[in-house]
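Colleague: Provided herewith is a single structure, encoded as structure tokens, for subsequent inquiry.
The values are calculated or read from the model by the stated rules, or taken from the named source; none is laboratory data. Predicted model, so just to flag it, every value in this text is computed and none were measured. So basically every Cβ, Gly included, is an ideal-geometry build from the backbone, and we count neighbours across all protein chains shown. Note: areas computed on protein heavy atoms with side chains; ligands, DNA, RNA excluded. Shrake-Rupley method; radii C 1.70, N 1.55, O 1.52, S 1.80 Å.
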Amino acid sequence: MSFPTILAIESSCDDTGAAVIQNGELRSYVVAGQEVHAQYGGVVPELASRAHQEHIVPVVDAALKQAGIDKHQLDAVAVTRGPGLMGALLVGSSFAKGLALSLGKPLIGVNHMQAHILAHFIDPPRPLFPFLCLTVSGGHTQLVQVNSAVDFSLLGQTRDDAAGEAFDKIGKLLGLPYPAGPVLDKLAAQGNPQRFHFADPQLPGLDYSFSGLKTAVLYFLEAETRKNPDFITENLHDLCASVQHTLVRYLLSKLRLAARQSGLKQIAIAGGVAANSGLRAALAEMAGQEGWTTFIPAFRYCTDNAGMVAMAAHFRYAAGLFHDQTMTPDPRLTLNAS
Ligand code: KG4
Ligand code: ZN
């Protein structure tokens, strides 16, 4: 079966991305990050929108050039419709709608959370439906049963902070720069994960909660630094290792529960936190115990990127699922909505 040529745009948070997919194969992939947020310790929505406006034309241009595709050869234009930051989503969707209209081509709105999951189909090995996916990013934590490329069942999600947010906020308490997740991961490699004990948050079922852990770490650090002002610097590696160990154990305990309840043995992880080396190692160990086959996308397809949006658009095109010019971004788009 032959599939069309689609340009995909991603602008839901702080990375402007464009990609071209042809016959289900990614032909190009461009991301422009936004350094401007680091000095504020988090993403500033208005600055993100302005940076998207600056980046979108050169990023789309570069994706088309890298793919060797003229815009008139496109069969559809796809864009992230949500969830994400309203101003950021508006930049991508306005641009995509304008381009689709001017080319007379169909428009495909893509759900960012579905796209994170469908990143698994960019390169082999690819999971078979149905499979279980833990999506862990700076904005979301979801346990999803993936029934098909256009049908998803939400089994559990965070009730407060996202997993990546927990890494970032606890890292900030430890004096690490934003985003703290990757830095904490590196420092943890040289620390003792058993040194400090933090209890897992108590929430029954498959939902997560991370805010209590953040508060527990805050109180612990306050008490210890009162006794020794250099406590954090003197114990940084062990603190990072212990926090990471707690977060990973908690993430995986619910994943195992979901796998046992659903009977699914194909287990995928997606999103920026899937890059975490502690999570990858513990997942491999649990896979051995539980008889799972596991899937983790290449790092460049774990963090926000347009390649995953292009992959999702490829499936939607094949299923005949399009939007029209009345499409509007939805910052709170739910998992199964499009
Ligand atoms: O998927 P992503 O790029 O953006 C969102 O959609 O949110 O994820 C970014 C998040 C940040 O919170 C960042 O700290 C976290 O992923 N992250 C990590 C690691 N690499 C990125 N967290 C822990 N360990 C890592 N190695
Ligand atoms: Zn994301």
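Colleague: Filter the range 85-99 down to the residues that are of a type in the set (A, V, I, L, M), under 20 Å from the mean Cα position of the chain (by Cα) and part of a helix (DSSP H, G or I) and list them by number. So that I can check it myself, show each step before the final result.
Modeller: Step one: filter the range 85-99 for residues of a type in the set (A, V, I, L, M), giving 85-86, 88-91, 96, 99.
Narrowing the set further to residues that are under 20 Å from the mean Cα position of the chain (by Cα) leaves 85-86, 88-91.
Within the range 85-99, Met86, Ala88, Leu89, Leu90, Val91 meet the criteria.
Colleague: While we're here: Taking the options Ala88, Ala67, name whichever one is among the aliphatic types (A, V, I, L, M) and within 16 Å of ligand 1 (Cβ to nearest atom).
Modeller: Working: Ala67 fails: within 16 Å of ligand 1 (Cβ to nearest atom).
So the residue among Ala88, Ala67 that is among the aliphatic types (A, V, I, L, M) and within 16 Å of ligand 1 (Cβ to nearest atom) is Ala88.
Colleague: I'd like to know if the range 132-139 contains one or more residues that are modelled with pLDDT of 95 or more, at negative phi and away from ligand 1 (no atom under 16 Å from the Cβ).
Modeller: So the first thing to find is which residues in the range 132-139 are modelled with pLDDT of 95 or more, and the list is 132-136.
Among the residues that remain, those that are also at negative phi are: 132-136.
Still in the running and away from ligand 1 (no atom under 16 Å from the Cβ): 132.
Among the residues of the range 132-139, at least one is modelled with pLDDT of 95 or more, at negative phi and away from ligand 1 (no atom under 16 Å from the Cβ), which makes the answer yes.
Colleague: Related question: Mind counting the residues in the range 60-84 that are in a loop (DSSP other than H, G, I, E, B) and within 15 Å of Leu107 (Cα to Cα)? Break it down into steps so the answer makes sense when it comes.
Modeller: Of all residues in the range 60-84, those in a loop (DSSP other than H, G, I, E, B) come to 68-70, 74-75, 83-84.
Filter again for within 15 Å of Leu107 (Cα to Cα), leaving 74-75.
Summing the residues that are in a loop (DSSP other than H, G, I, E, B) and within 15 Å of Leu107 (Cα to Cα) in the range 60-84 gives 2.
Colleague: Something else now. Output the residue which, of all residues in the range 163-198 that are within 11 Å of ligand 1 (Cβ to nearest atom) and assigned to a loop (DSSP other than H, G, I, E, B), is surrounded by the most Cβ atoms within 10 Å (Cβ to Cβ).
Modeller: Looking at the filtered set, the residue picked out is Pro179.
Colleague: Go through Glu54, Glu46, Glu35, Glu10 for me and flag whichever is under 20 Å from Arg316 (Cβ atoms) and either within 16 Å of ligand 1 (Cβ to nearest atom) or of a type in the set (D, E, K, R) (or both). Show your work before the answer.
Modeller: Numbers: Glu54 fails: under 20 Å from Arg316 (Cβ atoms); Glu46 fails: under 20 Å from Arg316 (Cβ atoms); Glu35 fails: under 20 Å from Arg316 (Cβ atoms).
On inspection, the qualifying residue turns out to be Glu10.
Colleague: Does Gly68 satisfy the criteria of being surrounded by fewer than 19 Cβ atoms within 10 Å (Cβ to Cβ), closer than 19 Å to Gln114 by Cβ, in contact (Cβ under 8 Å) with a residue 40 or more places away in the chain and not hydroxyl-bearing (Ser, Thr, Tyr)?
Modeller: Details: surrounded by fewer than 19 Cβ atoms within 10 Å (Cβ to Cβ): yes; closer than 19 Å to Gln114 by Cβ: no; in contact (Cβ under 8 Å) with a residue 40 or more places away in the chain: yes; not hydroxyl-bearing (Ser, Thr, Tyr): yes.
Against the criterion (surrounded by fewer than 19 Cβ atoms within 10 Å (Cβ to Cβ), closer than 19 Å to Gln114 by Cβ, in contact (Cβ under 8 Å) with a residue 40 or more places away in the chain and not hydroxyl-bearing (Ser, Thr, Tyr)), Gly68 does not qualify.
Colleague: In the range 100-131, what residues are within 16 Å of ligand 1 (Cβ to nearest atom) and part of a loop (DSSP other than H, G, I, E, B)?
Modeller: Of the residues in the range 100-131, the ones within 16 Å of ligand 1 (Cβ to nearest atom) are 110-120, 122.
Ile122, the sole residue that qualifies.
Colleague: Of all strands (runs of 3 or more DSSP E) completely enclosed by the range 1-43, which ones contain at least 2 residues that are farther than 22 Å from Leu89 by Cβ and of a type outside the set (A, V, I, L, M)?
Modeller: Details: elements: 5-10, 16-22, 25-32.
Ranges flagged: 25-32.
Colleague: Looking at the range 147-159 only, could you name the residues that are closer than 22 Å to Val248 by Cβ and either touching a helix residue (DSSP H, G or I) at 6+ places or on another chain (Cβ under 8 Å) or among the charged types (D, E, K, R) (or both)?
Modeller: Result: Leu155, Gly156, Arg159.
Colleague: Ok, one more. Hey, does the range 153-162 have a residue that's within 16 Å of ligand 2 (Cβ to nearest atom), within 17 Å of the chain's Cα centre (by Cα), over 25 Å from Gln34 (Cα atoms) and crowded, with 17+ Cβ neighbours inside 10 Å?
Modeller: Yes: the range 153-162 contains one or more residues that are within 16 Å of ligand 2 (Cβ to nearest atom), within 17 Å of the chain's Cα centre (by Cα), over 25 Å from Gln34 (Cα atoms) and crowded, with 17+ Cβ neighbours inside 10 Å.
Colleague: Kindly provide the set of residues from the range 240-263 that are open to solvent by less than 20 Å² (accessible area, probe 1.4 Å) and either over 19 Å from Gln194 (Cβ atoms) or free of Cβ contacts under 8 Å to residues at least 12 places away in the same chain (or both), ordered by number.
Modeller: Within the range 240-263, the first condition is being open to solvent by less than 20 Å² (accessible area, probe 1.4 Å), and the residues that meet it are 240-244, 246-248, 250-252, 254-255, 258-259.
Once the filter is applied, which keeps residues that are open to solvent by less than 20 Å² (accessible area, probe 1.4 Å) and either over 19 Å from Gln194 (Cβ atoms) or free of Cβ contacts under 8 Å to residues at least 12 places away in the same chain (or both), the range 240-263 yields Lys254, Leu255, Ala258, Ala259.
Colleague: Moving on to the next point. What pairs come out if I take residues in the range 264-283 that are closer than 19 Å to Ala166 by Cα and pair them with residues that are acidic (Asp, Glu) and open to solvent by 10 Å² or more (accessible area, probe 1.4 Å) whose C-beta lies under 6 Å away, six or more apart or interchain?
Modeller: Here the result reads Asn276/Asp185; Ser277/Asp185, each pair linking the range 264-283 to a residue that is acidic (Asp, Glu) and open to solvent by 10 Å² or more (accessible area, probe 1.4 Å).
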